[in-house]
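The values are calculated or read from the model by the stated rules, or taken from the named source; none is laboratory data. Remember, predicted model here, so these are calculated numbers, not experimental data. Virtual Cβ from ideal backbone geometry, glycine too; neighbours counted across all protein chains shown.
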Amino acid sequence: MFNALTDRVVRELKKIVGEKNVICDPEKKIDYSHDEFSLSDIAHEPDVVVKSNSTQEVSRILSLANEEKIPVTPRGGATGLCGGCVPASGGIVLSLERMNRIVEVDRYNQMIVAEAGVMLMDFYPRVEEEGLFFPPHPGDETAMIGGVIATNAGGARAVKYGVVRNYIRGLEVVLPSGAVINLGGKLMKSSTGYNLLHLMIGSEGTLGIITKATIQLLPSPQMSRSLIIPYENLKDAIDTVPELLAKKIMPLAVEFIPKDVIQITEKFLRKRWPSTLGSTYLLIICDASTEEQMDKLSEQVAAICMERNALDVFVADNPSKQQQVLEIRSKIYEAIKAHTLEILDIAVPRAEIAQHVKRVQEVSQEYKIWLPTFGHAADGNVHTHIMKAVYEDGHIVPLPEEDWKNKLENVRRELYRDCKERGGVISGEHGIGIVKKPYLSYVLDEESISLMRGIKRTFDPNNILNPGKIFDL
Amino acid sequence: MNIFVFVKRVPDTESKIKINHETNSIIEEGLNFVLSPYDEYAVEEALQIREAKGGQVTVFSVGPDETRTILKKCLAMGADEAVLIKDDAGETFDALRTAKIISHALKTKYTEFDLLLFGKQSVGADSAQVPSMVAAMLDLPQVNVVTKLEIEGNSGTALREIEGAREKVTFMLPAVISAQKGLNEPRYETLKGIMAAKRKEIPVVTLEELGIQPDELAAGLELTKMESPPVKESGKIIEDEPSEAAKKLAEFLRQDAKVI
């Protein structure tokens with residue numbers, strides 16, 4: 001159904017973006033064949049990689065590809081975990097990496113306008129320079145703004161401040177026809193027609209290519225403090241979370257982390273976690289505008305934790321100490337990456353999280369597979385890591401391939417079934433991509449998927465834009 | 001065992017330092033201040049010695065009222081007492097001045113001690129002179145840049161870093177020790193510790209009370225200019241076929257960089 005890429009089309013592409021921004025060299029193309037998902041069997045090489053530098057160029061590329069019926073897969077930082085930016089049908093990978101400009105910081109509206117290729121590691125410092133605050137914080141700072149919006153990413157701070165969707169006010173989008181549309185604007189309110197802006201957020205590059213975004217910022221909280229709370233057992237740690245919510249205590253983030261992955265990451269980074277007590281930790285980050293508020297909030301949190309048998313409450317409250325704690329938390333993924341098959345991204349109602357994690361532990365024992373599970377305890381988003389190894393006496397012991405290969409699929413199914421029973425979804429913040437596509441019907445009914453197919457056809461009648469993602473047409 | 005630890009309030013090492021060129025000082029607005037990291041090793045070591053041998057840990061800092069925050073932190077870590085020696089002079093970079101104030105305090109008001117612990121240097125001024133000056137003024141044995149410390153009875157053994165090796169030094173108490181990274185892993189405060197520290201009084205001693213005459217502290221050092229270090233230039237990229245690029249690199253290393 002797609003046409004092959006011809007030399008003539010490559011020449012056209014070179015005319016649009018310039019010779020050096022069209023990559024045909026197989027050795028260089030291979031970098032554009034995968035994202036962060038570990039199994040190489042989903043990787044697929046593009047026929048050509050094109051690096052655009054402006055919205056106009058994106059428009060001309062899409063209009064050409066639409067006419068020639070060549071698939072186009074948009075690509076940002078490629079930090080995704082489910083194959084969303086893998087060019088599954090070959091064709092063109094359209095990399096937005098050169099479109100990395102901050103267009104405007106609007107102090108009066110407290111908004112920032114950024115191009116899709118701005119990396120988070122460049123975005124946050126710019127926002128902070130203005131004394132402002134962008135609350136969502138997806139784990140990988142090499143992610144780019146466009147991708148973060150296209151997956152509706154979240155991160156640890158969603159408990160108090162919500163996910164990326166809550167902060168996007170306007171988008172410039174190029175449709176598969178090449179038409180450029182502007183959705184929303186520097187607006188706090190809009191009840192004007194169907195909300196295409198929100199349809200675009202989380203659409204994983206299947207409806208249009210996001211080239212520019214207007215993003216709401218908040219005044220920066222005056223101070224933050226991280227509490228590190230060890231528990232003898234996981235159940236007490238997780239049971240603390242609904243207690244906090246029931247008492248209307250609203251920290252910035254609540255993470256639960258087992259000790260084994262902390263120890264592995266301490267070794268990996270040669271840094272030290274604040275405590276060696278217990279078997280599980282809660283990491284609770286509080287923000288406040290005065291020291292009195294901060295003390296009151298942390299004392300309330302501590303009291304509830306101690307009632308639930310916490311062993312102590314350790315504090316990191318200057319930037320370098322907090323940085324050290326957060327670095328260990330955020331590098332767990334890298335420390336165990338070599339042994340990770342897949343990171344699940346199940347989101348359940350917050351009150352269900354303890355039961356779901358209990359089920360994960362049962363499945364881990366049934367299948368004799370290591371399933372380190374940690375995540376955003378207070379927003380219901382659980383990251384179970386399916387490992388091709390077991391963890392014994394402080395060491396990671398790899399499993400033979402034939403062993404984990406059979407188990408992977410079964411473990412996925414078991415956990416997705418449990419997710420469905422608890423009224424959850426299979427992705428809280430990573431998206432569906434290719435990897436979770438077969439399981440979409442576990443949690444969405446056929447009618448809904450059918451409506452989604454209809455929307456896809458309306459936006460992209462030739463199905464050239466990131467084909468084969470989320471669902472099959 | 002009566003241990004005194006001397007600590008300084010410094011900008012957080014994560015801070016971006018901006019300079020006011022008119023006053024030749026750093027702009028404090030928006031900066032976070034912390035206990036100087038090397039001093040934190042000194043506090044931790046004092047606490048560990050106390051836990052093993054008993055005794056009392058008192059923490060001192062010379063500085064303005066704002067210095068209380070880091071003294072509170074030391075109390076939260078577990079120090080028994082903290083004393084603020086109030087000096088509103090701000091950052092003078094004058095190590096001799098600080099050493100005079102400390103040794104005055106130790107000669108007149110706080111004369112009972114077995115061990116004086118310092119960080120090997122403060123972060124920011126980084127002069128690494130105060131511990132040795134104090135030791136000289138009080139005529140005490142001293143070991144600097146210590147990575148291991150053992151106290152037994154009225155003597156001690158310390159390992160200190162020297163170029164390419166470690167030196168073992170034995171000494172009699174009382175003595176001055178300055179702490180280097182690696183001496184220990186400073187503990188994190190507990191919330192309970194922080195809240196208890198908040199309620200604790202920190203006595204304030206003025207320079208007058210210590211009997212220091214202003215002319216004794218006349219500046220021994222003049223600050224003429226403060227500048228940020230030059231911005232590091234970005235690296236050079238040699239783009240060519242691998243065999244050609246390697247040749248160009250070798251040529252560059254030989255002729256321009258003169259390293260091979």
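Quick check on segment A:372-390. Is at least one of its residues of a type in the set (A, V, I, L, M), modelled with pLDDT of 90 or more and outside any strand (DSSP E or B)?
The answer is no; no qualifying residue exists.
With A:Ala347, A:Ala310, A:Ala389, A:Ala316 as the choices, which residue is touching a Phe, Trp or Tyr at 6+ places or on another chain (Cβ under 9 Å) and closer than 29 Å to A:Lys420 by Cα?
Numbers: A:Ala347 fails: touching a Phe, Trp or Tyr at 6+ places or on another chain (Cβ under 9 Å); A:Ala310 fails: closer than 29 Å to A:Lys420 by Cα; A:Ala316 fails: closer than 29 Å to A:Lys420 by Cα.
Exactly one residue qualifies, and that residue is A:Ala389.
For B:Glu251, all conditions in the list (1) in contact with a Ser or Thr (Cβ under 6 Å, 6 or more places away or on another chain); (2) assigned to a helix (DSSP H, G or I) hold save one; what is the number of the exception?
(1)
Considering only strands (runs of 3 or more DSSP E) fully contained in segment B:136-202, which possess at least 2 residues that are more than 26 Å from B:Arg97 (Cα to Cα), more than 22 Å from the chain's Cα centre (by Cα) and away from every other protein chain (no Cβ under 14 Å)?
Working: elements: B:142-152, B:155-162, B:165-172, B:175-179.
Answer list for segment B:136-202: B:165-172.
Would a scan of segment B:15-25 turn up a residue that is within 13 Å of another protein chain (Cβ to nearest Cβ) and in contact with a Ser or Thr (Cβ under 7 Å, 6 or more places away or on another chain)?
Our first condition is that a residue be within 13 Å of another protein chain (Cβ to nearest Cβ); within segment B:15-25, this holds for B:15-16, B:18.
Adding the requirement that they be in contact with a Ser or Thr (Cβ under 7 Å, 6 or more places away or on another chain) leaves none.
For segment B:15-25, residues within 13 Å of another protein chain (Cβ to nearest Cβ) and in contact with a Ser or Thr (Cβ under 7 Å, 6 or more places away or on another chain): absent.
A:Glu402 versus (1) outside any strand (DSSP E or B); (2) more than 19 Å from the chain's Cα centre (by Cα); (3) touching a residue at least 12 places away in the same chain (Cβ under 8 Å): which is the lone unmet condition?
(3)
Just to be sure, is B:Val169 touching a residue at least 60 places away in the same chain (Cβ under 8 Å), in the same structural domain as B:Glu51 (by TED's automatic domain parsing) and closer than 28 Å to B:Ala46 by Cα?
So B:Val169 fails the test.
Conditions: (1) within 14 Å of chain B (Cβ to nearest Cβ); (2) within 25 Å of the chain's Cα centre (by Cα); (3) at pLDDT 90 or above. A:Ile304 meets all but one. Number of the miss?
A:Ile304 satisfies all of (1) within 14 Å of chain B (Cβ to nearest Cβ); (2) within 25 Å of the chain's Cα centre (by Cα); (3) at pLDDT 90 or above except (2).
Take the conditions surrounded by 17 or more Cβ atoms within 10 Å (Cβ to Cβ) and of a type in the set (Lys, Arg) and apply them to A:Arg157. Does it pass? First the steps, then the outcome.
Numbers: surrounded by 17 or more Cβ atoms within 10 Å (Cβ to Cβ): yes; of a type in the set (Lys, Arg): yes.
Yes.
Quickly run through segment A:1-17 and pick out the residues that are surrounded by fewer than 16 Cβ atoms within 10 Å (Cβ to Cβ) and under 32 Å from the mean Cα position of the chain (by Cα).
A:Met1
Out of segment A:329-352, which residues are of a type in the set (Val, Ile, Thr) and either more than 18 Å from A:Gly155 (Cα to Cα) or more than 19 Å from the chain's Cα centre (by Cα) (or both)? Reasoning before the result, please.
Taking segment A:329-352 and keeping what is of a type in the set (Val, Ile, Thr), we get A:332, A:336, A:340, A:343, A:346, A:348.
Within segment A:329-352, A:Ile336, A:Thr340 qualify.
Given A:Glu299, A:Glu292, A:Glu255, which one is in contact (Cβ under 8 Å) with a residue 40 or more places away in the chain and either of a type in the set (D, E, K, R) or touching a helix residue (DSSP H, G or I) at 6+ places or on another chain (Cβ under 8 Å) (or both)?
Details: A:Glu299 fails: in contact (Cβ under 8 Å) with a residue 40 or more places away in the chain; A:Glu292 fails: in contact (Cβ under 8 Å) with a residue 40 or more places away in the chain.
Selected residue: A:Glu255, the only one of A:Glu299, A:Glu292, A:Glu255 that is in contact (Cβ under 8 Å) with a residue 40 or more places away in the chain and either of a type in the set (D, E, K, R) or touching a helix residue (DSSP H, G or I) at 6+ places or on another chain (Cβ under 8 Å) (or both).
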